[in-house]
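Accompanying notes for the structure given below.
The values are calculated or read from the model by the stated rules, or taken from the named source; none is laboratory data. Keep in mind it's a predicted model, so treat the numbers as computed, not measured. All Cβ positions, glycine included, derive from the backbone under ideal geometry; neighbour counts span all protein chains shown.
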Amino acid sequence: MESKILTALGIDPGIIFIVMLVLIIVLFVLVINANMKYGRLKSSYNSFMKGKDGRTLEDSIFERFDELDELTELALKNRASIKKINEEMLSNFQKVGILKYDAFHEMGGKLSFVLTLLDGNNSGYIINSMHSREGCYNYIKEIVKGESYIELSEEEAESLDRAIYQETLGLDLEKK
């Protein structure tokens with residue numbers, strides 16, 4: 001069974017047969033490979049969908065989106081609450097400066113003290129308690145933004161400086 005066309009072209013039918021056989025083998029290997037990949041994909045899909053149908057999976061996804069919306073709303077509320085708390089904290093006493101001293105050098109024992117209480121805006125009060133033999137005298141001075149409208153004594157100024165420039169991790173309550 002010889003073909004006049006193949007003979008005219010100078011091609012041996014045996015070569016065509018061998019080429020066709022190699023192509024069939026390559027295609028067979030590709031089909032087996034595709035089948036194996038499909039099997040792995042199908043088993044992955046089955047394990048993913050295990051116990052759920054498409055409708056319940058869709059419901060689960062929508063539930064998760066609803067939870068995300070709730071979490072977003074909660075985060076916004078928390079952010080607003082934190083901002084409000086930070087604003088309110090500025091009016092609370094946050095800084096303290098204290099200094100013990102001898103008001104009258106004959107007394108000894110450093111029984112007098114100056115206490116400075118400031119908020120986040122460096123506004124507050126200086127309380128000066130002076131102890132003498134005749135009694136104890138207390139004075140209070142108002143501080144607005146780190147300044148006093150009344151002249152401060154040396155001890156009061158030092159207590160104010162201690163309160164304003166104290167370390168952020170703790171009070172600087174050195175005794176001098």
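For this structure, a couple of remarks:
- Search result, residues across the stretch 128-155 that are surrounded by 13 or more Cβ atoms within 10 Å (Cβ to Cβ) and either of a type in the set (Asp, Glu) or over 44 Å from the mean Cα position of the chain (by Cα) (or both): Ser129, Met130, His131, Ser132, Tyr139, Ser153, Glu155
- Only one of the listed residues (Lys100, Lys95) is under 37 Å from the mean Cα position of the chain (by Cα), surrounded by 10 or more Cβ atoms within 10 Å (Cβ to Cβ) and under 30 Å from Glu147 (Cα atoms). That residue is Lys95.
- Test for Glu147: is it of a type in the set (D, E, K, R) and closer than 16 Å to Tyr165 by Cβ: yes
- Restricting attention to the stretch 74-101, the residues being in contact with a Ser or Thr (Cβ under 8 Å, 6 or more places away or on another chain) and not aromatic (Phe, Trp, Tyr) number 6.
- Residue check, Phe104 among the aromatic types (Phe, Trp, Tyr) and out of contact with any Lys or Arg (no Cβ under 9 Å at 6 or more places or on another chain): no
- One residue from Ile85, Ile61, Ile32 being closer than 30 Å to Ile126 by Cα and of a type outside the set (Phe, Trp, Tyr): Ile85
- Residue in the stretch 20-40 that is among the aromatic types (Phe, Trp, Tyr), at pLDDT below 95, closer than 30 Å to Ile61 by Cβ and surrounded by 10 or more Cβ atoms within 10 Å (Cβ to Cβ) present: no
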